[in-house]
Amino acid sequence: MFKERIFSIGISRYELTDIDNDLMCEEVKKSSPDVGMDGTLSVSRKQMNINNPCLDKLNHIIVSHSKYILSGVTGNDDINLVLQRVWGNHNLNVDICSPHVHRQSFLSAVYYALSTDGRIEFHSPWTDNIMSIIPESSMVQYNEFNSSYYTVYPKTGMLIIFPSNLLHYALPSKDERISVVYDIGIK
């Protein structure tokens, strides 16, 4: 095992108990369909207005935690951030089940207003390059140095904040799943 860690990627998970998840689910369901990266209309990804009063508490929580993360990463408490956009995901859609990153933002956040069997997988940007010369059959135990991916099993009320350029995707779920997603930038 290496004696020192010199680079790191982090994610933060929080259990939120004071969000009205029923109201949040209703807001996602009634929002307008969003246009995907390929220009097609997605009925499962919903545009949301960042100034919607339903999002006020969640916006505040996400800004607070994002500022804490940004301060820890930069050592600077005076950097301002902005919630760039927000959208809702209802059940499964092709866009989130394909590996992707969120461009033109620093952090992304996903809040699960409803999730019983959800899974989100994050992929290491460098493990496969380093480990490609070692036969997989040689692995006895996986750890942060040799794992290609990390899976989170979000339940209702979980908030995950992560670097926007971290490759990730949602795995299909059998149960209804509703999430609210943010892209967060630096002013």
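The values are calculated or read from the model by the stated rules, or taken from the named source; none is laboratory data. Every value quoted in this text rests on a predicted model; they were computed, and no experiment measured them. Here the Cβ positions follow ideal geometry from the backbone for every residue, glycine too, while neighbour counts run over all protein chains shown.
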Kindly establish whether residue 120 is among the β-branched types (Val, Ile, Thr) and more than 13 Å from residue 171 (Cβ to Cβ).
-> no
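Yes/no matrix, rows are residues, columns are (1) closer than 27 Å to residue 76 by Cα; (2) in contact (Cβ under 8 Å) with a residue 60 or more places away in the chain; (3) charged (D, E, K, R):
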| site | (1), (2), (3) |
| --- | --- |
| 121 | no, no, yes |
| 127 | no, no, no |
| 134 | no, no, no |
| 156 | no, yes, no |
| 163 | yes, yes, no |
| 173 | no, yes, no |
| 178 | no, yes, no |
All-but-one check, residue 145 against (1) surrounded by fewer than 19 Cβ atoms within 10 Å (Cβ to Cβ); (2) within 19 Å of residue 64 (Cα to Cα); (3) of a type in the set (A, V, I, L, M, F, W, C), failing number (2)
Counting only residues in the range 87-124 that are modelled with pLDDT under 90 and within 13 Å of residue 180 (Cβ to Cβ), the one surrounded by the fewest Cβ atoms within 10 Å (Cβ to Cβ) is identified as 90
inquiry  = Considering only the range 127-148, I want to know if a residue exists there that is aromatic (Phe, Trp, Tyr) and within 21 Å of the chain's Cα centre (by Cα).
reply    = no
- prompt: Restricting attention to the range 62-82, does a residue exist that is among the hydroxyl-bearing types (Ser, Thr, Tyr) and within 27 Å of residue 26 (Cβ to Cβ)?
  reply: yes
